[in-house]
1. Quote the charge dipole size of the range 114-272 about the Cα centre in Debye, to the nearest 20; the model charges only the Cβ of Lys and Arg (+1) and of Asp and Glu (-1).
2. Below 8 Å between Cα atoms, with a sequence gap of 6+, how large is the relative contact order for the chain in percent?
3. Which value, in debye to the nearest 20, describes the size of the charge dipole of the chain about its Cα centre when Lys and Arg Cβ atoms bear +1, Asp and Glu Cβ atoms bear -1, and nothing else is charged?
4. Does the range 188-249 come out rounded, prolate or oblate by the C-alpha gyration tensor, with a ≥ b ≥ c the root eigenvalues, rounded set by a/c under 1.5 and, if not, prolate when a/b is larger than b/c and oblate if not?
5. Using a ≥ b ≥ c from the Cα gyration tensor of the range 114-272 (square roots of the eigenvalues), is it rounded, prolate or oblate, where a/c under 1.5 gives rounded and otherwise the larger of a/b and b/c decides, a/b for prolate?
6. Rounded to the nearest 0.05, what FRET efficiency is calculated for Arg384 and Lys349 with R0 set to 30 Å and r the Cβ-Cβ distance?
7. What shape does the range 228-360 take by its C-alpha gyration tensor, where a ≥ b ≥ c are the square roots of the eigenvalues and a/c under 1.5 counts as rounded, a/b above b/c as prolate, and the rest as oblate?
8. Go through the range 26-134 and name the GluC sites (Glu not before Pro) that are in a DSSP coil and have 16 or fewer other Cβ atoms within 10 Å of their Cβ.
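Any read-out appearing in this document is the output of simple, stated calculations on the displayed coordinates, not a laboratory observation. Values in this document were obtained by computation on a predicted structure and should not be read as measured data. Don't worry about glycine lacking a Cβ; one is built from the backbone with ideal geometry, like all the others, and counts go over all protein chains shown.
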Amino acid sequence: MEINNIRLPHNKGTEKAETITIPLPKRVKILLSQHMGVPCLPLVKSGDKVFVGQKIGDIDAFMSTPVHSSVSGTVEAIVDYLPANGRTCKAIVIESDGLQKASDEVKPPKITDTKSFLKAVRESGCCGLGGAGFPTHVKLTFDKEKTPVDTLVINGAECEPYITSDYREMVENSQDIYDGIKLLQKYLDIERAFICIEDNKPLAIEKLTKISENDDKVSVKKLASSYPQGAEKVTTYAATKRVVKEGELPLNQGVLVVNVSTVGFINRYINNGMPLVEKRVTIDGDAILTPCNARVLIGTPISSVLDFADCNKEIVDKLIAGGPMMGMCIHDFETPVCKTNNAFLGFKKPKKKEEQTNCIRCSRCISACPMKLMPTSIEKAYDRKDKAWLKKLKVNLCMNCGSCSYVCPAKRDLAEKNQLAKRLLAEK
C-alpha cells in the first residue's frame with residue numbers, strides 16, 4: 001500500500017532564524033480551554049497575586065490538563081471569551097508586574113515509576129504541541145497488556161508550508177529531544193524509537209543522528225518531503241508500514257506518536273519544573289516584514305507578536321493560526337496565544353480571487369487524498385444530508401489536511417464539506 005501525497009511549495013523562509021524572545025506584554029489573557037477535552041475551572045479570583053508557573057486553572061477530569069500563569073502580576077478579571085473555534089470559555093486576565101518572579105510551585109517533580117511520571121506530565125500542563133492539543137498524559141496512558149506498544153514515533157516531519165518552529169526545536173534543543181525520548185522509553189517500557197524527519201531538514205537529521213548514533217534503540221528515519229507527511233496516521237505508516245484503520249489510533253497498531261517539540265518540553269519540565277507557559281511560534285507571510293521564530297508567553301495578544309515581526313496590520317487580509325493548509329483563520333488581532341499555536345501567518349489580499357466552478361470530474365482530489373477517500377462524492381452526499389452514504393464513504397477517516405481543495409481546479413470547498421459532513425454524522 002502507498003500513501004497518496006502532494007507536493008507543496010515549502011516557503012520555509014525562517015528555517016535559519018534562531019528563536020528570539022519577544023518583550024514581556026503588559027497583560028496576558030489565558031484561556032481555560034487550550035486543549036481537546038474538558039475546560040479548566042479557575043483557581044484564582046480578581047485581585048489575587050500570581051507568579052510565573054503557578055497553577056491558575058484545573059479540573060478533576062482525566063481528559064484535561066491544567067493551565068498556569070505565564071507572568072507574575074495581579075489577576076484583573078475572569079471573563080467569558082469567544083475564541084476562533086466558536087466555543088465560549090473562561091479566560092483569566094493578568095496584569096504583569098514586570099518582575100517575572102517564579103512561583104514556589106515550580107520545582108522538578110519526583111519521578112519514581114510510571115504513575116508518578118504520568119502525573120508529572122499532567123501537572124506540566126502539556127498537550128500536543130504539534131497543533132492538535134490532545135492532553136499528553138492521556139496519550140501516554142495505556143494498558144500495556146491490552147495495548148502492547150513496541151514502537152515510539154517522534155514526529156518531526158513539519159510538512160506544512162512556512163512553519164519552522166519544530167525544526168528550530170530539533171536544531172536548538174536536540175539533546176532535550178533525545179533525553180525526552182529516553183524518559184518515554186524508560187517509563188512506558190517501549191523498546192524502539194524512530195525520530196521521523198523530512199529529507200528537506202538535513203541539519204536536524206544530522207544533529208539527531210549524531211546524538212543517537214550509539215543507541216541501537218533510537219534511530220532517525222528520513223522521510224520523503226511531501227504533504228501531509230506529518231499527519232499521525234501517515235507518519236505511522238511511513239515509519240512502520242502499519243496501517244491505522246478507521247476508528248483506530250496508532251496505539252491500536254502498537255505505535256505511540258509524539259510531536260518532537262512535545263518530547264523536548266517534557267524533558268525540560270522533568271529537569272526544571274517549569275510548566276508550559278511559553279511557546280515557540282513561526283511568524284511569516286507576505287504581510288510580515290521581519291519573519292522570525294519567536295518565544296512567546298501563553299496569553300500574549302497576537303497583535304504584540306505581529307508588532308514584534310514588523311507587521312502592518314492594516315494590510316493583513318487573512319491571519320492564520322497554524323499553517324495555510326490546516327490552520328484556522330483568526331478574526332481578532334487581540335486573540336491570545338495558546339499552547340497549541342505553532343505559527344501566525346499574515347497575508348495581504350490576493351490580487352485576483354479565484355472563482356468556484358462546477359466539478360469537472362478530473363479525480364485529482366481522489367488521487368491526492370492520503371486516506372484514499374472520494375471528496376466529490378462526500379460533497380454531494382453532504383449536500384443531500386445523506387448520513388448513510390457518508391458512512392459508506394468513510395468520511396470520518398478524513399484528517400482535514402486540505403489536499404483535495406488544494407488540487408481542485410474548480411476550487412470546490414471539498415475540505416470544508418468533509419468537516420461539515422463529519423459534524424453531521426456526529427449529531428444525535
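1. On the way: 21 positive and 22 negative charges, 62 e Å.
In debye, rounded to 20, the range 114-272 gives about 300.
2. Working: 958 pairs, mean separation 76.3, N = 428.
Computed value for the chain: 18 percent relative contact order.
3. 1300 debye
4. oblate
5. Values: a/c = 1.39, a/b = 1.14, b/c = 1.22.
Taking the square roots of the gyration eigenvalues as a ≥ b ≥ c, the range 114-272 is rounded.
6. Efficiency computed from Cβ-Cβ geometry: 0.30.
7. Details: a/c = 2.82, a/b = 1.22, b/c = 2.32.
It comes out oblate by the Cα gyration axes.
8. Answer in residue order: Glu105.
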